[in-house]
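*Asks:* Below is one structure. I have some questions about it.
Values in this text are rule-based calculations from the coordinates and carry no lab data. Owing to the predicted nature of the structure, the values given are computational and were not obtained by experimental measurement. FYI the Cβ positions are ideal-geometry reconstructions off the backbone, even for glycines, and counts take in every protein chain you see.
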Amino acid sequence: MAKLKNCFLGGLTGSIGQNTCSVLAYLYENHNKAASLEKVNRYRLVGFSVKSRVADVIAILQKLLAGDGEKESFLALKTVAVSDAAAREKLKAFFKTVQCLKKVVVYERTELALADSEADVFINALSGSSGLEPTICALTCNMRILLANKESLVMGGSLIKTLLAKRGETIDEVILPIDSEHKAIQTLSHGWRRDQVAKLILTASGGPFWENELADPTPEQALAHPNWNMGAKISIDSATMMNKALEIIEAHVLFSLPYKQISAIIHKEQVVHAFLELTNGECLALLGANDMRYAIQGSLTYPELMKGTYKPFNLTDHANLTFQAIPKGRYPLFELACVCGEKGGAWPILVNAANEACVEAFLARSITFNQISTYVAATLERYEKKNVLHTELTSLAAIMELHNDVKRALRRHIAAL
Ligand code: NDP
Ligand code: MG
């Protein structure tokens, strides 16, 4: 019989959160279709967190509860977190009206709900820096982590590795990637020793302006990604290619390879998710449709595989695949952030915080698209002289202090423009 695990989903209402919810429901009902039944995990959802979109939460729960009468449901909520106060009260009021949800405890912070949920697995689909503290909490509670939130690794890579070392475990034993490129590398790496791997190559779409460069794109134009339907922060990061730099840092932390062995190329069709170059010069590629449910289900059933609800990949649908080097100077933020990754120390925290503040300002129409990289560059220059950036920050408090300082200073600066 399949093992039943309890999971907590950070970011239920997001793009990854909703896809995850549909995969959890599918696995709960169809685990008996797996080739090796006894090995494929089934999951019950014991908790979730969101920021404020409670109307969406209620709609999701009502849909899940509607199917509950006839068949068993994967919904077994114990704790949830809603960070916005008014939204939290609305959800509490809704829970009071539903018999099976009356005892659910509602917290403000994800970490509190997560720690109290007694989950075995934390699926981190939170956006931006809000993902780090829950990741650290899950590690200290000895949970397995399925990680979509790349910012956790960019901000807390050293801290996470230190905590894992204390547990006597390595990162690949505890953290499974959901990011499609990293999930592809994990699959491609099977059977190869680290010294047989020459290079990891991540693919990038080039964003919505790759073929049609706009002088001054609006938030709406920058949010329209050609291949994926994603949350606002990652969509803007894809348009600036900051997302690919964050992914290079994420790959460095996850796969413990030096930066000179990790790169990215433009592949606008996004059918190949990553390449693994071997030391004999051969190159392996992983191909799949642009559907995050591949990576989500793959991590939930890992190391087993199971047919999903998504459309199976068909090679003949993709006759023309193109690959191109990233043109120098075209994506200034990508270049800046890659340099910060290589410098190490606190530089990834700094560039991530500066970018997050600028993306928020761009979405609020306080700065233009091109000013995102200008303000990030100016922030890096201001901090250049501070020696503190060359040492690793290995406490959560120190990381969050630097992160919050940088964001506060940039917000003040932008507000005074
Ligand atoms: P979305 O913006 O769609 O969703 C973010 C989720 O996080 C929402 O549920 C949001 O709640 C919740 N949230 C945000 N802040 C908080 C907070 N402080 N406390 C509790 N919940 C919070 O993002 P995506 O799903 O697109 O991305 C999530 C992560 O996955 C990101 O790190 C992204 O880089 C990564 N990723 C995403 C991919 C994709 O295809 N979307 C692909 C690969 C990686 P609310 O709805 O209330 O705002
Ligand atoms: Mg990705």
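*Asks:* In whole Hz and in residue order, list the ³J(HN,Hα) couplings for region 94-108 that follow from phi through the Karplus curve 6.51 cos²θ - 1.76 cosθ + 1.60, θ = phi - 60°; x for Gly and Pro.
*Replies:* 5, 4, 5, 8, 10, 3, 7, 10, 4, 8, 5, 8, 10, 9, 8
*Asks:* Given H placed 1.01 Å from N in the peptide plane, which residues other than close sequence neighbours of Glu269 have an amide H under 5 Å from its amide H?
*Replies:* Correct list: Thr322.
*Asks:* Here's another thing I want to ask about it. Suppose we keep just the alpha-carbon trace of region 56-188; what are its Rg and Dmax in angstrom?
*Replies:* Computed over the Cα atoms of region 56-188, radius of gyration and Dmax are 16.7, 48 Å.
*Asks:* So, one more: Considering only Leu257, Leu393, Phe362, whose Cα is most displaced toward the positive end of the charge dipole of the chain, charges sitting on Cβ of Lys, Arg (+1) and Asp, Glu (-1)?
*Replies:* The one lying farthest along the dipole's positive direction is Leu393.
*Asks:* Oh, and also: Using just the alpha carbons, could you tell me how many Å³ per residue the convex hull of the chain encloses? Mind dumping the intermediate values first?
*Replies:* On the way: hull volume 63.3 nm³, N = 417.
Given the Cα convex hull of the chain, per-residue volume reads 152 Å³.
*Asks:* Only four residue types carry charge here, +1 at the Cβ of Lys and Arg and -1 at the Cβ of Asp and Glu. Report the dipole size of region 235-284 about the Cα centre in Debye, rounded to the nearest 20. Before the final figure, lay out the partial values.
*Replies:* Numbers: 3 positive and 6 negative charges, 23 e Å.
Here the size comes out at about 120 debye.
*Asks:* On to the next question. What is the spin-label model distance, in nm, from Arg408 to Lys343 if the labels are put 7 Å beyond Cα along the C-beta direction?
*Replies:* It works out to 2.2 nm between the two label points.
*Asks:* Sticking with this structure for a sec: Principal axis extents for region 296-336, Cα atoms only, whole Å, descending order, please.
*Replies:* Its Cα atoms span 43, 28, 15 Å along the three principal axes.
*Asks:* Which value at 222 nm does the chain reach when only helices count, each DSSP H run of 4 or more adding -39,500 (n - 2.57), with the total divided by all residues and rounded to the nearest 500 deg cm²/dmol?
*Replies:* Numbers: 16 runs with 191 residues, N = 417.
It lands at -14000 deg cm²/dmol.
*Asks:* So between Thr162 and Lys260, what do we pick up on full extension, going 0.36 nm a residue minus the alpha carbon distance?
*Replies:* Details: separation 98, 0.36 × 98 = 35.28 nm, distance 2.32 nm.
This chain segment gains 33.0 nm when fully extended.
*Asks:* Quickly work out the Gln324-to-Lys311 label distance, labels modelled 7 Å from Cα along the C-beta direction, and quote it in nm with one decimal.
*Replies:* About 2.5 nm, to one decimal.
*Asks:* Only Cα pairs under 8 Å and at least 6 apart count here; give the relative contact order of the chain as a rounded whole percent. Show your work: numbers first, answer last.
*Replies:* Numbers: 715 pairs, mean separation 63.6, N = 417.
It comes to 15 percent, rounded to a whole number.
*Asks:* While we're looking at this one, here's another question. Whole-Hz Karplus ³J(HN,Hα) for region 137-142, in order, using 6.51 cos²θ - 1.76 cosθ + 1.60 and θ = phi - 60°, x for Gly and Pro?
*Replies:* 4, 4, 5, 6, 8, 6
*Asks:* Could I ask something else about it? Just going by the charge dipole of region 128-207, with Lys and Arg at +1 and Asp and Glu at -1 on Cβ, which of Ile171, Thr135, His182 is farthest out on the positive end?
*Replies:* Ile171
*Asks:* Also, quick follow-up: Can you bin every Cα-Cα distance in region 141-190 into 10 Å intervals starting at zero and give me the percent of pairs per bin, rounded to whole numbers?
*Replies:* 24, 56, 20, 0
*Asks:* Holding the Cα-Cα limit at 31 Å, pick out from Lys5/Lys311; Lys199/Lys385; Lys268/Lys307; Lys150/Lys307; Lys166/Lys233; Lys92/Lys161 the pairs that are longer than that.
*Replies:* On the way: Lys5/Lys311 27 Å; Lys199/Lys385 33 Å; Lys268/Lys307 27 Å; Lys150/Lys307 26 Å; Lys166/Lys233 33 Å; Lys92/Lys161 37 Å.
Exceeds cut-off: Lys199/Lys385; Lys166/Lys233; Lys92/Lys161.
*Asks:* What is the extension gain from Asn227 to Ser366, computed as 0.36 nm multiplied by their sequence separation minus the C-alpha to C-alpha distance, in nm to one decimal?
*Replies:* Numbers: separation 139, 0.36 × 139 = 50.04 nm, distance 2.73 nm.
That works out to 47.3 nm of additional length.
*Asks:* Another question, then. Towards the positive end of the charge dipole of region 183-244, with charges on Cβ (+1 Lys, Arg; -1 Asp, Glu), say which of Ala215, Trp192, Thr240 has the farthest Cα.
*Replies:* Of the options given, the answer is Trp192.
*Asks:* No solvent, one uniform scatterer per C-alpha: report log10 I(q)/I(0) for region 350-417 via the Debye equation at q = 0.27 1/Å, two decimals.
*Replies:* The Cα Debye sum returns log10 ratios of -1.23.
*Asks:* At R0 = 35 Å, how high is the FRET efficiency between Glu392 and Ala289 if r is their beta carbon distance? Nearest 0.05 is fine.
*Replies:* Using R0 = 35 Å, I get an efficiency of 0.35.
*Asks:* Now for a different question. Could you tell me the distance between the Cα centroids of region 176-239 and region 111-163, to the nearest Å?
*Replies:* 22 Å
*Asks:* Hey, with R₀ at 30 Å, roughly what FRET efficiency would Tyr302 and Glu29 work out to, going by the Cβ-Cβ distance, to 0.05?
*Replies:* Numbers: r = 19 Å, r/R0 = 0.65.
For Tyr302 and Glu29, the calculated efficiency is 0.95.
*Asks:* Determine the dipole magnitude for region 172-227: charges of +1 sit on the beta-carbon of Lys and Arg, -1 on that of Asp and Glu, nothing else is charged, the reference point is the Cα centre, and the result goes in debye to the nearest 20. Could the numbers behind the result be given before it?
*Replies:* Working: 4 positive and 9 negative charges, 80 e Å.
That gives a dipole near 380 debye.
*Asks:* Could you check the simple spin-label distance between Glu213 and Lys92, using points 7 Å along Cα→Cβ, in nm with one decimal?
*Replies:* 5.4 nm
*Asks:* A further question follows. To the nearest 20 debye, what charge dipole does the chain have about its Cα centre, counting +1 at the Cβ of each Lys and Arg and -1 at the Cβ of each Asp and Glu? Before the final figure, lay out the partial values.
*Replies:* Numbers: 45 positive and 43 negative charges, 164 e Å.
Dipole size: approximately 780 debye.
*Asks:* Sticking with this structure for a sec: Region 218-314: Rg/Rh from Cα coordinates, Kirkwood Rh? If you can, show how the numbers build up before the last one.
*Replies:* On the way: Rg = 15.2 Å, Rh = 15.5 Å.
So for region 218-314, dividing Rg by the Kirkwood Rh gives 0.98.
*Asks:* Among the GluC sites (Glu not before Pro) in region 221-313, which ones are in a DSSP loop with at most 10 other Cβ atoms within 10 Å of the Cβ? Mind listing them? Spell out each step's value before the answer.
*Replies:* Working: sites: Glu247, Glu250, Glu269, Glu277, Glu282, Glu304; in loops: Glu269, Glu282, Glu304.
Qualifying residues, ordered by number: Glu282.
*Asks:* Here's something else I'd like to know. Can you pull out the GluC sites (Glu not before Pro) in region 139-182 whose DSSP state is coil and whose Cβ has at most 14 other Cβ atoms within 10 Å?
*Replies:* Numbers: sites: Glu151, Glu169, Glu173, Glu181; in loops: Glu169.
Passing sites in region 139-182 are Glu169.
*Asks:* Then there is this: At a 10 angstrom cut-off on C-beta neighbours, averaged per residue, how do the peptides 90-102, 316-328, 339-351 rank from highest to lowest? Before the final figure, lay out the partial values.
*Replies:* Working: 90-102: 13.5, 316-328: 10.2, 339-351: 21.7.
Put in order of decreasing packing, that is 339-351, 90-102, 316-328.
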